[in-house]
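Here is the structure we will look at.
The values are calculated or read from the model by the stated rules, or taken from the named source; none is laboratory data. No experiment lies behind these values; they were computed from the predicted model shown. Cβ atoms come from the backbone with ideal geometry, glycine included; neighbour counts cover every protein chain shown.
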Amino acid sequence: MKSGMITLLLTIALVAPAAFAADGKAVVESNKCGDCHKMTGPAVKTIAEVKARKAPDLFYAGSKFKKDWLVGFLQKPEQLRPAGTVYANNISDKGGKDVIGNVPACASKLSAGDAAAAADYLMTLKDASMKEGIAKLGKFKKARAKILVFKKQGCDACHQIKKRGKGGVSCPTLFNAGKRLNPDWIYSFVKNPQHWDPKVWMAARPDLSDSDFQLIVNYLSSLKKK
């Protein structure tokens, strides 16, 4: 009897995640997430396609995000891109100063159950070519990391990293990068952004060493502001 119960519980444990992901796909489809997000690859290859984007690609969401963050975001979305997905579409020149227009907000307001199911499904969408375990998190020299990130690489020219109101608005905020992003994806994206998005305006950094990339990953992964 005990053996049979153990077998049943193991079967449920193995089958449940797949079923939950299938339910999540239905949630994603019923909420028409694909109307704004590209749910299947490959990435767009022309400027016209880039300008037509309404929201970030999600066909590699499982490689990019952390599941816990996704669950929270799907219930209560936050503004990650101050000037929108394509900043050039939302910025105008007024009196010699760039002014951000009304940036459409994500309409997702799922229940906790639906958000968990949708996150389970999104985590199955991965880029099989991304190396896993390449990011080595641990103790790092924060002062050296800041010099690399801010002074040498100038990441805050495009990203708001430290706090709201300081930094660029053309790219996603990084206040809570440590809660939101998979460290392996950070490493891969910083090293070769065009692998993920051929038309992204972020430059590759062939001059940086592996230790530099690890330092950047460790610093960004330490940013966990709410």
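Odds and ends about this structure:
- Meets criteria (aliphatic (A, V, I, L, M), assigned to a loop (DSSP other than H, G, I, E, B), modelled with pLDDT of 95 or more and within 20 Å of the chain's Cα centre (by Cα)) for Ala128: yes
- Out of Gln153, Gln160, sole residue that is more than 18 Å from the chain's Cα centre (by Cα) and on the phi < 0 side of the Ramachandran plot: Gln153
Here is a yes/no grid of residues against (1) among the polar types (S, T, N, Q); (2) in the same structural domain as Gly34 (by TED's automatic domain parsing); (3) farther than 23 Å from Asn89 by Cβ; (4) not in a loop (DSSP other than H, G, I, E, B):
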{"position": "Ala107", "(1), (2), (3), (4)": "no, yes, no, no"}
{"position": "Ala145", "(1), (2), (3), (4)": "no, no, yes, yes"}
{"position": "Lys151", "(1), (2), (3), (4)": "no, no, yes, yes"}
{"position": "His159", "(1), (2), (3), (4)": "no, no, no, no"}
{"position": "Gly168", "(1), (2), (3), (4)": "no, no, no, no"}
{"position": "Ser188", "(1), (2), (3), (4)": "yes, no, yes, yes"}
{"position": "Val200", "(1), (2), (3), (4)": "no, no, no, no"}
{"position": "Ala203", "(1), (2), (3), (4)": "no, no, no, no"}
{"position": "Leu223", "(1), (2), (3), (4)": "no, no, yes, no"}
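- Candidates Gly96, Gly72, Gly84, Gly62, filtered to the one that is exposed (fewer than 14 other Cβ atoms within 10 Å of the Cβ) and either out of contact with any Pro (no Cβ under 6 Å at 6 or more places or on another chain) or without any contact (Cβ under 8 Å) to a residue 40 or more places away in the chain (or both): Gly96
- Within the stretch 92-111, tally of residues that are under 20 Å from the mean Cα position of the chain (by Cα) and not basic (Lys, Arg): 7
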